[in-house]
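A.B. asks: Below you will find the structure I want to go over with you.
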Amino acid sequence: MAPHTEQLSTGQPSSGQLITGQLSTGQLTRPAVQLRELTRSFDGRTVLDGIDLDLPAGQFTALLGHSGSGKSTLLRAIAGLDQKVTGSGRLTAPERLSVVFQDARLLPWRRVLDNVLLGTDGEEKGRAALAEVGLKGRELAWPNELSGGEAQRAALARSLVREPELLLADEPFGALDALTRIKMRALLRELWERHRPSVLLVTHDVDEAIVLADRVLVLDRGRIGVDLTVDRSRPRGEYRSRLLGALGVTEDSR
Ligand SMILES: Nc1ncnc2c1ncn2[C@@H]1O[C@H](COP(=O)(O)OP(=O)(O)OP(=O)(O)O)[C@@H](O)[C@H]1O
Ligand SMILES: [Mg+2]
């Protein structure tokens, strides 16, 4: 992916958030995301408690954590989607980023191709993105004619067409059946290998994290409690036990 030379920011600052302005060329390529002392609270309750984190360009990172630990809050902060939240700290992220959620969020009154193209031009790119996710021939379908898995494929195509430097995915396969989830994981990894954006994937699923990511983070009490680099030549079981342990789950209690 060509390095871009624009200003990097997360878009709209949250209150108290300091957004890094013009960066030097050296900083433009790596890291893709830089968080320093990032704090977020709701009604005086701290959810993110001074997070320091770098996500290098092109890295596939998974973020685990208990329900309510702040994974989506962190993802929204990086996406610049949390303007009304109280927070402080420094946050740098690429301008060209895409977000994929658990539900595909397709506009029901637009055909699939038009959903993919939303806010962009270049019909050919949209068609190519749909072909990449296996939806060639469904360009003119309506969203309600798609299965859950197909709708998520369309959502991935919509994110691809923007050629993101950073792809933020919040439990994108959480609502899919087990078989579709396995196929979608493979597709996501394949798309990442081809386009090499930085990916931050929020998931509840330890196995999904280990299968897909090269680095796994665990968010715990507002901080990154575990930061694990996954060596693919090592047995997955080692990482699994360690991550389940960090989440307070023993193999027996599953
Ligand atoms: N808009 C909001 N107003 C008030 N509290 C909020 C808001 N959004 C999130 N919270 C609170 O912040 C905490 C973290 O929420 P968040 O959605 O980030 O958790 P999560 O780790 O993504 O959980 P899950 O795994 O269930 O999706 C929760 O306690 C939640 O209730
Ligand atoms: Mg969440």
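The values are calculated or read from the model by the stated rules, or taken from the named source; none is laboratory data. Model, not experiment: these values are computed from the prediction. When we count neighbours, we look across all protein chains shown, and the Cβ atoms used for this are built from the backbone with ideal geometry, even at glycine.
A.B. asks: Restricting attention to the stretch 50-98, which residues are among the basic types (Lys, Arg) and away from ligand 1 (no atom under 16 Å from the Cβ)?
C.D. replies: 90, 96
A.B. asks: Among (1) at pLDDT below 95; (2) on the phi > 0 side of the Ramachandran plot, where does residue 222 come up short?
C.D. replies: (1)
A.B. asks: I need the full set of residues from the stretch 99-108 which are surrounded by 20 or more Cβ atoms within 10 Å (Cβ to Cβ) and either within 16 Å of ligand 1 (Cβ to nearest atom) or outside any loop (DSSP other than H, G, I, E, B) (or both), in order please.
C.D. replies: 99, 100
A.B. asks: I need every pair where a residue in the stretch 74-98 that is in contact (Cβ under 8 Å) with a residue 60 or more places away in the chain and farther than 21 Å from residue 196 by Cα has its Cβ under 7 Å from the Cβ of a residue that is basic (Lys, Arg) and more than 16 Å from ligand 2 (Cβ to nearest atom), sequence separation at least 6 or different chains.
C.D. replies: What qualifies is 89/36; 90/36.
Quick grid of which residues meet (1) over 25 Å from residue 235 (Cβ atoms); (2) among the hydrophobic types (A, V, I, L, M, F, W, C); (3) without any contact (Cβ under 8 Å) to a residue 60 or more places away in the chain; (4) within 16 Å of ligand 1 (Cβ to nearest atom):
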| position | (1), (2), (3), (4) |
| --- | --- |
| 143 | yes, no, yes, no |
| 158 | yes, no, no, no |
| 165 | yes, no, no, no |
| 183 | no, no, yes, no |
| 186 | no, yes, yes, no |
| 192 | no, yes, no, no |
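A.B. asks: Looking at (1) in a loop (DSSP other than H, G, I, E, B); (2) under 30 Å from residue 55 (Cβ atoms), which is the one condition that is false for residue 153?
C.D. replies: Result: residue 153 fails condition (1) only.
A.B. asks: While we're here: Only one residue in 174, 137 is modelled with pLDDT under 95 and not in a helix (DSSP H, G or I). Which one?
C.D. replies: It is 174.
A.B. asks: When you go through (1) away from ligand 2 (no atom under 11 Å from the Cβ); (2) free of Cβ contacts under 8 Å to residues at least 12 places away in the same chain one by one for residue 62, which number turns out not to apply?
C.D. replies: (2)
A.B. asks: Shifting gears a bit: Just to confirm my filter: which strands (runs of 3 or more DSSP E) fall fully inside the stretch 27-90 and include at least 1 residues that are surrounded by fewer than 20 Cβ atoms within 10 Å (Cβ to Cβ) and modelled with pLDDT under 95? I'd like the intermediate steps shown before the answer.
C.D. replies: On the way: elements: 33-42, 45-55, 60-64.
In the stretch 27-90, 33-42, 45-55 are the strands (runs of 3 or more DSSP E) which contain 1 or more residues that are surrounded by fewer than 20 Cβ atoms within 10 Å (Cβ to Cβ) and modelled with pLDDT under 95.
A.B. asks: Still on this structure: Going by the conditions given, is residue 55 within 16 Å of ligand 2 (Cβ to nearest atom) and within 23 Å of residue 217 (Cβ to Cβ)?
C.D. replies: Against the criterion (within 16 Å of ligand 2 (Cβ to nearest atom) and within 23 Å of residue 217 (Cβ to Cβ)), residue 55 does not qualify.
A.B. asks: Being more than 21 Å from the chain's Cα centre (by Cα), within 24 Å of residue 180 (Cβ to Cβ) and touching a residue at least 24 places away in the same chain (Cβ under 8 Å) is the filter here, so list the residues in the stretch 112-127 that pass it.
C.D. replies: Within the stretch 112-127, 112, 113 meet the criteria.
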